[in-house]
Amino acid sequence: MTTMSQRPTPEKWRLRVERELGPGQDFERSLVTRTLEGIDVQPLYTAEAAPEDAPAGAVSPRSGGWAIAQRIDHPAPKVANQHLLEDLAGGASGCLIERASGSGGVELEWLHDLDQVLDGVYLEAVPIAFGTSADALPLAATFAALCADRGLDPGSVEAHLGMDPLATLAARGSLPGDLVDARREACTLAEHATANMGPSRALAVDASPWYRAGGHALQELGYALASYAEMMRWLTSAGMTVEQADRQFVWRFDVGHDLLTEVAKLRALRVLHAKVLGAFGGTGGAPLVLHATTSPRGLARRDHWTNMLRTTLGAFAASMGGADLITTLPHDSSRGAAGALGRRNARNIQLVLAREARLDHVGDPARGAHAFEARTDALARGAWKVMQEIEARGGFAESLAGGDVAEALGRSREALMREVSTRRRPIVGVSVFPPIEETELEQAEPAEDPTRAARRARLAARGDVVIGAVEDVLHGIQAAAAGASMEELGDGLVRGAPVTLAPLPSISEAGVFEELAAGAQPAPVAFLACLGSLPDHGPRAAFANDLLRAGGFLAAQSEPSLSPEALADAFKASGADVACLCGTDADYELHAEPACAALRAAGAASIVMARRPADGDEALRAAGLSGHVFMGCDAAKILGELRSTAATPSQPETR
C-alpha cells in the first residue's frame, strides 16, 4: 500500500505526464483548457490548488431541503390554476408564476385573476414566487388584498414579488417610469414588506438576463453584485438598516449544464454576498435566498428529449450549489406550451434528486473537493474585479444606461457562439448525435387564453373605480380590494417619462444549428465517398455523417473501395449535390485526386474532405476539392455554405 510519504508530488506527477505525452507535446496545450471566463482548467487538482481559507458553504435555511418551484405560465388564469394544482399534487412544493409580458405568461389583470390562479392553494404552506418585473407594487397591493379577502395575515405567507428594475430594463428595454420612480417604488415596497409581509421578499437581484444574453459566470456574478450594491444604496439612503434592506432580496440565477462552473458559481455567490454586505457594515442577518432556474438558453427544439439531460444537470448543480428554490423548465418548453409529460418530468427530476439521491439532506456537498474549491475561488475573485470596475464607472445603473454592459455581453456572446459553431461546446441532439428521424411532440394546448373575452367583460362590468394618486401600498391595497386593475394601480403611481434602452437578446445556443437543419425541405442529400476498406474509412465516415446530419443533411454512403467511375455513378444515383471524401491519409494520397475529378464531372457542386488541411492539397483543389471538415472546424459556417450550395446546385462554385 502506498504511504503518504511515497505519493508523488504534483511536480513529479507533471514530469511523469510530460514524459508520457512524448516529445513535441506541450503539457499546457494538450491537457489544460480555458473556460469562457478565462480560467484555466487543469487536468488534476490537489489540496494545494484549493484556497486555504475557503469559507464554509451555506446550508439551505429551508427545512427539508429546497422548494420545487414549478413554473406556471399559461395565459389563462383558470388553466394556470389547473396546472398549479396538478404540480402541487405531483410533488411540487412551490411555484414560479410568470406574469404576461409580451412573450407568454399568466394574464393577471386584477384581483379576480390572481384569486383564480391561486384558487385551492394553501398560501401559508406554499412559497409563491412571481416573475421579475419593475412594477411589483401593484402586484403587492393586489396580493395583499387577496390575503385580506381570504382572512390571512400577509405575514404568514411567503411571496417573492420579484421587483428588479435594472434587470427588467436590460431584458425588456423599458420601465414604466424613469429610474428615479423605480428607486422610489422599490423603497416604498421594501419598507412595506419589512413592516407587514413577514417572510416575503419584495425585491430581486436577477442575473438571468446576463446569462440569457450570452454572458459568462464572471459577468453574471459581477453584474448581480453591482446591481445589488446599487439597490442597497437606494434602500439604506431611504432609512432602512443594512440588515432590513438585505432581507428584502431574492437572488435569481439561471443554471446551465456545465456542472463544475454552475456549482462553483452559486457557491461563489454566497462568498461575494457576504463580502458586499460586510462592506455596507452588515453583521449578519437572514441567510441569502437563492432561486435557481434551468436556463432556456441551453434548451433545444430539435431532439427535445435531450433537454432532460441538460435540465437534470442544471437542477443537480442548483441543489449542490445550495439553491433554496429550484425551477426546472419542461423539456418540451423550447417548442412552445409545455405538455403534461414535460411538466411531470420537470417535477420528477427534482424529486429524484431530493428523495432518491437524498441531496436535500446534504449541505454544500462540493466542500473539500479541490476542483470545486479552486473554481469557486477563481470565480469569486474574478467577479469581484468585474464589480469593482462597474463601481469605478459610477455604478451599475450608469454602466447599464451607458451601454458598457451590453458591449461586454456582446463580446462574450460572440465567444460563446464561436465555441458552439466549432462544436467545442457540443449540444447533444443538435450539433452532435443529431436524430436520424425527427419525432413529434405530443400536441400541447395552444398557449392562449380562451377565457380572455369573458374576463375582460367581467372587468368592464365592475364599473368605474376612482383611486386617485397611489401614494403608498396601503392605498393600493384598498384600491385593489375595490376592483382596481394592476394597470390602473400603476397608472395611479406618479411617474415620469418611461426610460428606454435597447433590450438585451435572449439567445439559444442550439439556434445556429437548428436554423440550418430547418432550412429548405425535403432535406438535401450529402454523398459520403468512402475510400478504402470499411475499417479504414469507418471513423472519418462516422464523423462526417454526424456533422452533416447536424446541418440537416441526409447522408448517402457509398460502398467501400469503389473505383472513381463507380463513385461517380453512386453519386448520381444518390441525388446529392455535395460530397465528402472519407478515408485514411494513405487512401487520400492514392485515391482522393481521381475521386474528386470523377465527382466533379458527375455534377458535385462542392466536395469536402474529412481531414485537416495538409501540404499538397493544391493538387486536390485543382481536381475539385472545396474544403475540409475536421474536429474543431467552424462546423456551422461550413454546413451553411454546403446548404447554400445544395440549394443552388446550378450556380458555379466561387471558392
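Observations on the model:
- Förster-model FRET efficiency, 56 Å R0, ASP26 and ALA401, C-beta, rounded to 0.05: 0.80
- The charge dipole of the stretch 151-200, taken about the Cα centre with unit charges on the Cβ atoms of Lys, Arg (+1) and Asp, Glu (-1), comes to about 140 debye, rounded to the nearest 20.
- Taking the Cα centre of the chain as origin and assigning +1 to Lys and Arg Cβ atoms and -1 to Asp and Glu Cβ atoms, the resulting dipole is close to 700 debye.
- Estimated FRET transfer efficiency (GLU618, HIS475; beta-carbon r; R0 60 Å; 0.05): 0.15
- Neighbours of ARG212 by Cβ distance under 13 Å: Lys/Arg scored +1, Asp/Glu scored -1, total 0.
- Here the stretch 505-655 has an Rg and Dmax of 14.7, 52 Å, counting Cα atoms alone.
- The stretch 324-407 pair-distance distribution - Cα-Cα, 10 Å bins, rounded %: 14, 22, 23, 32, 10
- Counting charges near GLY314 (Lys, Arg +1; Asp, Glu -1) among other residues having Cβ under 11 Å from its Cβ returns a value of -1.
- Note on ARG14 and ALA148: the extension gain reaches 41.5 nm, defined as 0.36 nm multiplied by sequence separation minus the Cα-Cα distance.
- Probe 1.4 Å - accessible area at HIS83, Å² to nearest ten: 20
- Principal-axis tilt of helix 635-647 within the chain, Cα atoms, nearest 10 degrees: 70
- With all protein chains in place and ligands, DNA and RNA left out, the 1.4 Å accessible area ranks ASP404, ASP87 as ASP404, ASP87, largest first.
- Paired Rg and Dmax values of the stretch 265-414, which use every Cα atom, in angstrom: 18.2, 51
- With the alpha-carbon atoms of the stretch 74-203 aligned to their principal axes, the span from lowest to highest coordinate is 42, 34, 24 Å, starting with the largest.
- Per residue, in Å², the accessible surface of the chain once ligands and nucleic acids are set aside, probe 1.4 Å: 43
- With R₀ set to 22 Å, the beta-carbon distance separating VAL428 from ASP634 gives a calculated FRET efficiency near 0.65.
- Relative contact order %, the chain, counting alpha carbon pairs below 8 Å whose residues are six or more apart: 15
- Each eigenvalue of the Cα gyration tensor of the chain, multiplied by 5 and square-rooted, gives one semi-axis; in descending order these are 51, 31, 22 Å.
- Among the protein heavy atoms of the stretch 70-204, carbon and sulfur supply 47% of the accessible surface, probe 1.4 Å, non-protein parts ignored.
- Computed [θ] at 222 nm, helices only, for the chain once each DSSP H run of length n ≥ 4 contributes -39500 (n - 2.57): -14000 deg cm²/dmol
- Percent carbon-and-sulfur accessible area, the stretch 542-655, ignoring ligands, DNA and RNA, probe 1.4 Å: 54
The values are calculated or read from the model by the stated rules, or taken from the named source; none is laboratory data. These figures come from a predicted structure and were not determined experimentally. Reconstructed Cβ throughout: ideal geometry from the backbone, glycine too, with neighbour counts over all protein chains shown. Areas reflect the complete protein model, heavy atoms only, side chains present, ligands, DNA and RNA absent. Shrake-Rupley method; radii C 1.70, N 1.55, O 1.52, S 1.80 Å.
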